[in-house]
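Peer 1: Attaching a single structure in structure tokens format; questions to follow.
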Amino acid sequence: MNFGSETLLNTITGSISRDFFKDVITGLNGAHRKAVTDCEANFSQEVAKDCFPIYRRAMVEDAIKGIGRNYGFNARSVPNKSKSSSHVEIEIESEGKRLIFTTLAVYNCYDMSKFRKANFRKTLAEEAQLSFFKDIIDDGDGYYGLILYGAKPQSKDINFAYLGFPTANCKEWYGHYNLNDLALQKDDVEMIKDVANPMLKKNLVKKEQ
Amino acid sequence: MRQGMPGFNGKRLKEARDMRGLTSTSLAEMVGISKQAISRYEKGEVDGKTPFTPRPETLDRISSVLNFPKAFFLQASYIHNNTPIHYRSLSTATKGARQRAESKFTWFQEIADLLKQYVDLPAPNLPSFDVTDHTKLSAQDIEDFAAATRRHWNLGDRPISNVVTLLENNGVMVSRIDLEADTLDALSQYADYDSIPYVFLSSSKQSAARSKFDLSHELAHLCLHNLLSKGVCQNQKTHSEIEKQAHRFASAFLLPAQSFTKDLISPTLDGFWALKDKWQVSIKAMIVRCRDLEIIEDDYARTLFINYNRRGWAKREPLDDKLPIEQPKLLRRSFELLVKENIITVDDITTQLPYPESALEEIIGLPKGFLSPRNNVEYLPTLKRPQAREALIAKDSAKDSKIIQFPTKI
């Protein structure tokens, strides 16, 4: 389910509260649901199918920007070079490092087919994750991560949400984490003390050696 | 006059034969006697005034063929409890599989009886809900009883780190053994003579989550169904109802509604996967729990199960190879203490409990060879790298080996 270096995972969990990831999942689900409902309600089936991805992207980006701001992160819309469109980035400062997240709808959580088409992602990956190539992760100045999500066709709920860190060449994942996992407080358990110790009965006779 | 074996117990012969899964015909062939003789030994038929028993040399052969100590056949049968045994099993579990499990279960109780002569064990401390008619229990009653069980042990509503330890702390005797049938998961019983609860868990599934659920399921029988009669528990229809109640109790006990749903952010397979790491309950059981709590609809649960099967999780779920399986410790600790303190010796154990040593070790949870160190190879050297082994084989075969053709049929 999860893979990636401890350093990267510690940087994420050390600087971002679990509630943020929980809210991101809830936000993704809410945005996806609303997009499904609105498209179904307002358009014919064919048109709804065409506009759904664009509409959902808008809903998701808006939701994520709001959640980022709620947590005091630098969440903003960034235009592309030609200013023909924009994407939302969430930037988080952590111990001198920058974490930058954008969102991406994919077919499955490891899918990279759509990923490389957007120049801004490639640029972000190259700029933020150049250090990965040199194996000097701790000296790099930031990490670029993608909030990956997707749903089965006709489903009103998303069926996965991951945080993926692509390598700078955008061909592999440097780290890949289930958001449900990042959102969970795992050490919160009823610890059972082991006190089942048998006691010798009194007046037992020991065998001679 | 026949020279039989005094003290021979035919029921023990039947028990040993069942344990090895042999018919009386095949045992007779292996021992070199007639099938009728086996039958007469087992039934304890009387030949004149004396019971029909095997000659000493025949008993030697029986003992050797069945791989049971000779003393086993000379030992009186254990007086069985009258309380019902609860099985967590599929309906496909064979009678033979149940019989074998039941025999080992009896041995388990005999082992514990011996132990109790020397050591004080934690006193049983289980809640009892005085259920005399299980049909009157509603789903909400079961939810309430599961919550009351947690309160009885001062537990909050978070995941339970170790259910085996929890039950052992509270006087339940637990053993994990190979029940030799995929269709049997666990069994439990209250001993009627000293009110000690016993649980057998199957070791074959190798899943911490499933095992935890199995044990909680047996806990349900011990708390909810302890007053039901054997007849009620063995009846096919009522057995199915009782099993469903035990399932619901186990789910509610391990996944309390409020705290579990608080952790459940998205009821997706990936969402359950993340939760499994924390709650140590199988993904399948969590889907069922969500359906029972009406968090998800039946249709959605069905979709989840279809995708669950597609991912191959019906055979092996994620984390099954990572989560540590809870191991019983009480029996093992007791025997180690007795041996360490020179109260009894290893020979005393095998004399007083004349079962196959491997079965004793398994039931008690002792390391293999503890009871018969002389007969066991303690260390088998192995080559570290497969390449090294292959290189050796290649070197060896190049030296003196030759290919021998299988003879062909003419």
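The values are calculated or read from the model by the stated rules, or taken from the named source; none is laboratory data. Values in this document were obtained by computation on a predicted structure and should not be read as measured data. Cβ sites come from the backbone with ideal geometry, for glycine too, and all protein chains shown count toward neighbours. Ligands, DNA and RNA are stripped out before the accessible areas are found, and what is left, the full protein with its side chains, is counted by its heavy atoms. Shrake-Rupley method; radii C 1.70, N 1.55, O 1.52, S 1.80 Å.
Peer 1: Output the residues belonging to the range A:167-209 that are outside any loop (DSSP other than H, G, I, E, B) and either within 8 Å of chain B (Cβ to nearest Cβ) or at pLDDT 90 or above (or both). Explain how you work it out, then say what you get.
Peer 2: Just the residues of the range A:167-209 that are outside any loop (DSSP other than H, G, I, E, B), to begin with: A:173-182, A:190, A:199-200.
Passing the criteria: A:His176, A:Tyr177, A:Asn178, A:Leu179, A:Asn180, A:Asp181, A:Leu182, A:Glu190, A:Met199, A:Leu200.
Peer 1: Consider B:Leu114 against the criteria (1) surrounded by 14 or more Cβ atoms within 10 Å (Cβ to Cβ); (2) out of contact with any Cys (no Cβ under 6 Å at 6 or more places or on another chain); (3) away from every other protein chain (no Cβ under 14 Å); (4) in contact (Cβ under 8 Å) with a residue 24 or more places away in the chain: it satisfies all of them except one. Which criterion is unmet?
Peer 2: Evaluating B:Leu114 over (1) surrounded by 14 or more Cβ atoms within 10 Å (Cβ to Cβ); (2) out of contact with any Cys (no Cβ under 6 Å at 6 or more places or on another chain); (3) away from every other protein chain (no Cβ under 14 Å); (4) in contact (Cβ under 8 Å) with a residue 24 or more places away in the chain leaves (3) as the failure.
Peer 1: Check off (1) surrounded by 13 or more Cβ atoms within 10 Å (Cβ to Cβ); (2) modelled with pLDDT under 90; (3) within 14 Å of chain B (Cβ to nearest Cβ) for A:Pro153 and give me the number that stays unchecked.
Peer 2: With respect to (1) surrounded by 13 or more Cβ atoms within 10 Å (Cβ to Cβ); (2) modelled with pLDDT under 90; (3) within 14 Å of chain B (Cβ to nearest Cβ), A:Pro153 is out only on (1).
Peer 1: Across the range B:236-264, which residue is nearest to the other protein chains (Cβ to nearest Cβ) among those that are out of contact with any Leu (no Cβ under 8 Å at 6 or more places or on another chain) and not in a helix (DSSP H, G or I)?
Peer 2: Among residues in the range B:236-264 that are out of contact with any Leu (no Cβ under 8 Å at 6 or more places or on another chain) and not in a helix (DSSP H, G or I), the one nearest to the other protein chains (Cβ to nearest Cβ) is B:Pro256.
Peer 1: A follow-up question, please. Run B:Ala181 past the list (1) in contact with a Lys or Arg (Cβ under 9 Å, 6 or more places away or on another chain); (2) within 20 Å of A:Asp194 (Cα to Cα); (3) surrounded by fewer than 20 Cβ atoms within 10 Å (Cβ to Cβ); (4) not β-branched (Val, Ile, Thr) and report the number of the one that doesn't hold.
Peer 2: Only one criterion is unmet by B:Ala181, namely (2).
Peer 1: Moving on. Say whether the condition of being surrounded by 23 or more Cβ atoms within 10 Å (Cβ to Cβ), at pLDDT 95 or above and in a loop (DSSP other than H, G, I, E, B) is met by at least one residue in the range B:214-229.
Peer 2: Among the residues of the range B:214-229, not one is surrounded by 23 or more Cβ atoms within 10 Å (Cβ to Cβ), at pLDDT 95 or above and in a loop (DSSP other than H, G, I, E, B), which makes the answer no.
Peer 1: Would you pick out the residues in the range A:72-124 that are in contact with an Asp or Glu (Cβ under 9 Å, 6 or more places away or on another chain), in a strand (DSSP E or B) and either open to solvent by 30 Å² or more (accessible area, probe 1.4 Å) or of a type in the set (Asp, Glu) (or both)?
Peer 2: Passing the criteria: A:Asn74, A:Arg76, A:Ser77, A:Val78, A:Ser86, A:Lys97, A:Arg98.
Peer 1: Which ones in the range A:36-66 are under 25 Å from A:Phe21 (Cβ atoms) and of a type in the set (Lys, Arg)?
Peer 2: Matches in the range A:36-66: A:Arg56, A:Arg57, A:Lys65.
Peer 1: Shifting gears a bit: Is it true that some residue in the range B:166-174 is assigned by TED's automatic domain parsing to the domain that holds B:Phe129, open to solvent by 40 Å² or more (accessible area, probe 1.4 Å) and assigned to a loop (DSSP other than H, G, I, E, B)?
Peer 2: Step one: filter the range B:166-174 for residues assigned by TED's automatic domain parsing to the domain that holds B:Phe129, giving B:166-174.
Filter again for open to solvent by 40 Å² or more (accessible area, probe 1.4 Å), leaving none.
There is no residue in the range B:166-174 that is assigned by TED's automatic domain parsing to the domain that holds B:Phe129, open to solvent by 40 Å² or more (accessible area, probe 1.4 Å) and assigned to a loop (DSSP other than H, G, I, E, B).
Peer 1: Are any residues in the range B:172-223 of a type in the set (Phe, Trp, Tyr) and under 22 Å from B:Phe129 (Cα atoms), and if so, which ones?
Peer 2: The answer is B:Tyr190, B:Tyr193, B:Tyr198, B:Phe213.
Peer 1: Surrounded by fewer than 19 Cβ atoms within 10 Å (Cβ to Cβ) and either modelled with pLDDT of 90 or more or closer than 19 Å to B:Trp153 by Cβ (or both): which single residue out of B:Ser202, B:Ser195 fits that description?
Peer 2: On the way: B:Ser202 fails: surrounded by fewer than 19 Cβ atoms within 10 Å (Cβ to Cβ).
So the residue among B:Ser202, B:Ser195 that is surrounded by fewer than 19 Cβ atoms within 10 Å (Cβ to Cβ) and either modelled with pLDDT of 90 or more or closer than 19 Å to B:Trp153 by Cβ (or both) is B:Ser195.
Peer 1: In the range B:265-282, which residues are outside any helix (DSSP H, G or I) and more than 7 Å from chain A (Cβ to nearest Cβ)?
Peer 2: B:Pro267, B:Gln280, B:Val281, B:Ser282
Peer 1: Hey, B:Thr303 hits all of (1) more than 10 Å from chain A (Cβ to nearest Cβ); (2) part of a helix (DSSP H, G or I); (3) open to solvent by 50 Å² or more (accessible area, probe 1.4 Å) but one; which does it fall short on?
Peer 2: Unmet condition: (1).
Peer 1: State which residue is nearest to B:Tyr193 (Cα to Cα) when the search covers only the range B:88-111 and only residues that are at pLDDT below 85 and open to solvent by less than 20 Å² (accessible area, probe 1.4 Å).
Peer 2: B:Ala97
Peer 1: Restricted to the range B:130-148, and to residues that are more than 16 Å from B:Phe253 (Cα to Cα) and of a type in the set (Asp, Glu), which residue is least open to solvent (accessible area, probe 1.4 Å)?
Peer 2: My answer is B:Asp133.
Peer 1: Given the conditions (1) of a type in the set (D, E, K, R); (2) within 25 Å of A:Asn159 (Cβ to Cβ); (3) away from chain B (no Cβ under 14 Å), report the number of the one that A:Asp19 does not fulfil.
Peer 2: The single condition A:Asp19 does not satisfy is (3).
Peer 1: May I ask you to verify whether A:Arg69 is away from chain B (no Cβ under 14 Å), part of a strand (DSSP E or B) and surrounded by fewer than 18 Cβ atoms within 10 Å (Cβ to Cβ)?
Peer 2: Considered against the rule, which asks whether it is away from chain B (no Cβ under 14 Å), part of a strand (DSSP E or B) and surrounded by fewer than 18 Cβ atoms within 10 Å (Cβ to Cβ), A:Arg69 comes out as no.
Peer 1: Ok, one more. Among the residues of the range B:358-373, count how many are without any contact (Cβ under 8 Å) to a residue 40 or more places away in the chain and surrounded by 17 or more Cβ atoms within 10 Å (Cβ to Cβ).
Peer 2: 4
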